[in-house]
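*Asks:* Take a look at this one; I'll ask things after.
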Amino acid sequence: MKYQVAVLPGDGVGPEVILETQKVLERVAQKLGFSFDWRHFPYGAEYYLSHGQVLPPGALAAIGQNQALLLGAVGDPKVPPGPLEQELLLALRFHFDQFLNLRPAKTWPNVPLPCPLKPGEELDIVVVRENTEDFYMGLGGSFSGPTQKALLQARRDLYQFTAELDLKVEPATTGAFSLGLLTEPAVRRIARKAAEITLARGENKLHVATKANALPQFYGFWDRVTLDEIQKTSDLKASYINVDNLCYQLPRAPGQFGVILCPNLFGDIVSDLVSALAGGLGLAASGNIGPQFSMFEPVHGSAPDIAGTGRANPLAAIISGAMLLESLDQKAGADLTLRAVRDYLAQGQNLPLELGGPSTTSQVGDLVAEQLKLL
Ligand code: NAD
Ligand code: IPM
Ligand code: MN
């Protein structure tokens, strides 16, 4: 069995952690008798700066010719914030309709949690983030003067959206605006997924992050549609929590949370918070799941502050690799990868620099690969 997997290492620590992920996944494949045909894509800051475009025509289609995508991170101080993130990362999520962003965070051995848990309690949270709408639509712009027209368009698999705006500001000033969007089919499908995930975990409570108090027209809709969808599962209880309170409760009593359903922007923020509670971004894995083609990447970014120093913990990318294997129905490979990570951490020796140990990025990859030999 040979899996054809696209790899987009990207920028900063992206290539560093992806190298270790490929190292570990290659060993897993060897052990279980399958192999990878890695298809490398060079996009990111360097490509953009030398070619003057983020992606060449046809790039998304070429990436989609593979069975899945493993991505490092994009973003570089040499490029202003925006183009790489929007036209590469978000473009991939939207193009492949990867509406489900799964961001699990749990306790690992010897990883100290900077948050209180009751005796016997473990951190086992999964952020289920809607990944195509909200304030990530890319619908916005700046204005100057008393009046201005704006034509805003966005395409998703579910719809084509157009807004023709006549802006008037008195007295005239310059400013910027952004249009969020929530549509019923998109909100229903993510709520249904979150409900399924909660039930599959054997739980009956699903937390839903909202901010309907400040934006009732917008997140009130989110609340109504998610509630209607979740209530179709009679034994499930939806518990709505304002996202500011959620960010307050999480560090104080994280044990009360399991599945947390979030709209796109809150999901981004809450997942970094939850990653910190679980021991660090260097352990936080994620999947962007679409109907045909999914992408797996660490939650963290390109971390330019530590790029090239060996300080990047590659475990988040390696765990994302395990999620990729699971998506390819290679459950044995996924389990083996996770066991190797767990056993390595359980030894408590030669931990990653991020966790206060001595091991650099490539040493952590080697140590996980070593563990595989014992399994
Ligand atoms: P970041 O996630 O890159 O870094 C936040 C902090 O966490 C930094 O102190 C960094 O050193 C640390 N960190 C991150 N990953 C780590 C790891 N594996 N091991 C140890 N420490 C780690 O967030 P940022 O600084 O806001 O963003 C940097 C760039 O990355 C920006 O250009 C941003 O747009 C981009 N970004 C990309 C993605 C993505 O491609 N998926 C995600 C987030 C941010
Ligand atoms: C993430 C990142 C992205 C997001 C950025 C880089 C656009 O923060 O994957 O968490 O906001 O989704
Ligand atoms: Mn983020």
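The values are calculated or read from the model by the stated rules, or taken from the named source; none is laboratory data. Predicted, not measured: the structure shown is a model, and the values here were computed from it. Reconstructed Cβ throughout: ideal geometry from the backbone, glycine too, with neighbour counts over all protein chains shown.
*Asks:* Can you find a residue that is within 16 Å of ligand 2 (Cβ to nearest atom) and either at pLDDT below 95 or under 26 Å from A186 (Cα atoms) (or both) anywhere in the stretch 326-345?
*Replies:* Checked the stretch 326-345: no residue is within 16 Å of ligand 2 (Cβ to nearest atom) and either at pLDDT below 95 or under 26 Å from A186 (Cα atoms) (or both).
*Asks:* Please go through the stretch 317-336 and give me each residue that is part of a helix (DSSP H, G or I), under 20 Å from the mean Cα position of the chain (by Cα) and farther than 15 Å from P109 by Cα, ordered by number. Reasoning before the result, please.
*Replies:* From the stretch 317-336, those part of a helix (DSSP H, G or I) are 317-327, 331-336; that's our starting set.
The next check asks that each one be under 20 Å from the mean Cα position of the chain (by Cα); those that pass are 317-327, 334.
Those that are part of a helix (DSSP H, G or I), under 20 Å from the mean Cα position of the chain (by Cα) and farther than 15 Å from P109 by Cα: A317, I318, S320, G321, A322, M323, L324, L325, E326, S327, A334.
*Asks:* Sticking with this structure for a sec: Is it true that some residue in the stretch 24-34 is closer than 26 Å to H95 by Cα, touching a Leu at 6+ places or on another chain (Cβ under 8 Å) and at pLDDT 95 or above?
*Replies:* Scanning the stretch 24-34, I find no residue that is closer than 26 Å to H95 by Cα, touching a Leu at 6+ places or on another chain (Cβ under 8 Å) and at pLDDT 95 or above, so the answer is no.
*Asks:* Quick check, is G75 under 20 Å from I319 (Cβ atoms), assigned to a loop (DSSP other than H, G, I, E, B) and within 15 Å of ligand 1 (Cβ to nearest atom)? Outline the logic, then answer.
*Replies:* On the way: under 20 Å from I319 (Cβ atoms): no; assigned to a loop (DSSP other than H, G, I, E, B): yes; within 15 Å of ligand 1 (Cβ to nearest atom): yes.
Criteria not met by G75.
*Asks:* A further question on this structure: Could you check F293 against (1) in contact with an Asp or Glu (Cβ under 9 Å, 6 or more places away or on another chain); (2) under 27 Å from C115 (Cα atoms); (3) buried (at least 21 other Cβ atoms within 10 Å of the Cβ) and say which number it fails?
*Replies:* In the conditions (1) in contact with an Asp or Glu (Cβ under 9 Å, 6 or more places away or on another chain); (2) under 27 Å from C115 (Cα atoms); (3) buried (at least 21 other Cβ atoms within 10 Å of the Cβ), F293 misses (2) alone.
*Asks:* Filter the stretch 40-88 for residues that are within 16 Å of ligand 2 (Cβ to nearest atom) and among the small types (G, A, S); which is surrounded by the fewest Cβ atoms within 10 Å (Cβ to Cβ)?
*Replies:* The extreme case among them is G82.
*Asks:* If you check every pair at least six apart or on different chains, which have Cβ atoms under 7 Å apart with a residue in the stretch 183-212 that is more than 20 Å from V274 (Cβ to Cβ) first and a residue that is aromatic (F, W, Y) and surrounded by 21 or more Cβ atoms within 10 Å (Cβ to Cβ) second?
*Replies:* That search, which allows pairs on different chains as well, returns A186/F99; V187/W222; R189/F99; A212/Y219.
*Asks:* Next question, about the same structure. Taking V243, is it among the β-branched types (V, I, T) and away from ligand 3 (no atom under 12 Å from the Cβ)? Quick ask: steps written out before the conclusion?
*Replies:* Details: among the β-branched types (V, I, T): yes; away from ligand 3 (no atom under 12 Å from the Cβ): yes.
It is true that V243 is among the β-branched types (V, I, T) and away from ligand 3 (no atom under 12 Å from the Cβ).
*Asks:* To continue, here is another question. Are any of the residues in the stretch 294-305 part of a helix (DSSP H, G or I), outside the structural domain of G267 (by TED's automatic domain parsing) and within 16 Å of ligand 1 (Cβ to nearest atom)?
*Replies:* Here is the first cut: in the stretch 294-305, the residues part of a helix (DSSP H, G or I) are none.
No, there is no match, as no residue in the stretch 294-305 is part of a helix (DSSP H, G or I), outside the structural domain of G267 (by TED's automatic domain parsing) and within 16 Å of ligand 1 (Cβ to nearest atom).
*Asks:* Among residues belonging to the stretch 275-293 that are of a type outside the set (A, V, I, L, M, F, W, C) and over 17 Å from S327 (Cβ atoms), point out the one that is nearest to ligand 1 (Cβ to nearest atom). Steps first, please.
*Replies:* Within the stretch 275-293, the subset of a type outside the set (A, V, I, L, M, F, W, C) is 275, 279-280, 282, 286-288, 290-292.
From the residues that got through so far, the ones that are over 17 Å from S327 (Cβ atoms) too are 275, 279-280, 282.
Values: S275: 9, G279: 11, G280: 6, G282: 3 Å.
Among them, the one singled out is G282.
*Asks:* Hey, S286 hits all of (1) within 16 Å of ligand 3 (Cβ to nearest atom); (2) of a type outside the set (D, E, K, R); (3) assigned to a helix (DSSP H, G or I); (4) surrounded by 21 or more Cβ atoms within 10 Å (Cβ to Cβ) but one; which does it fall short on?
*Replies:* The single condition S286 does not satisfy is (3).
*Asks:* Sort through D272, D244 and tell me the only one that's within 16 Å of ligand 1 (Cβ to nearest atom), assigned to a helix (DSSP H, G or I) and at pLDDT 95 or above.
*Replies:* Values: D244 fails: within 16 Å of ligand 1 (Cβ to nearest atom).
The match here is D272.
*Asks:* From T132, T107, T162, grab the single residue that is among the hydroxyl-bearing types (S, T, Y) and over 23 Å from the mean Cα position of the chain (by Cα). Outline the logic, then answer.
*Replies:* Working: T132 fails: over 23 Å from the mean Cα position of the chain (by Cα); T107 fails: over 23 Å from the mean Cα position of the chain (by Cα).
Answer to the check: T162.
*Asks:* On the given criteria, is L199 within 16 Å of ligand 3 (Cβ to nearest atom) and assigned to a helix (DSSP H, G or I)?
*Replies:* So L199 fails the test.
*Asks:* Counting just the residues of the stretch 154-187 that are touching a Phe, Trp or Tyr at 6+ places or on another chain (Cβ under 7 Å) and of a type in the set (S, T, N, Q), which one comes out nearest to G290 (Cα to Cα)?
*Replies:* Per the stated criteria, the residue is T183.
*Asks:* On to the next question. Do the conditions hold for Q86, that is, is it among the polar types (S, T, N, Q), more than 21 Å from A285 (Cβ to Cβ), part of a helix (DSSP H, G or I) and not assigned by TED's automatic domain parsing to the domain that holds T198?
*Replies:* Answer is yes for this residue.
*Asks:* I'd like the full set of residues that are surrounded by 14 or more Cβ atoms within 10 Å (Cβ to Cβ), closer than 20 Å to Q217 by Cβ and in contact with a helix residue (DSSP H, G or I) (Cβ under 7 Å, 6 or more places away or on another chain), limited to the stretch 154-185.
*Replies:* Of everything in the stretch 154-185, those that are surrounded by 14 or more Cβ atoms within 10 Å (Cβ to Cβ), closer than 20 Å to Q217 by Cβ and in contact with a helix residue (DSSP H, G or I) (Cβ under 7 Å, 6 or more places away or on another chain) turn out to be G180, L182.
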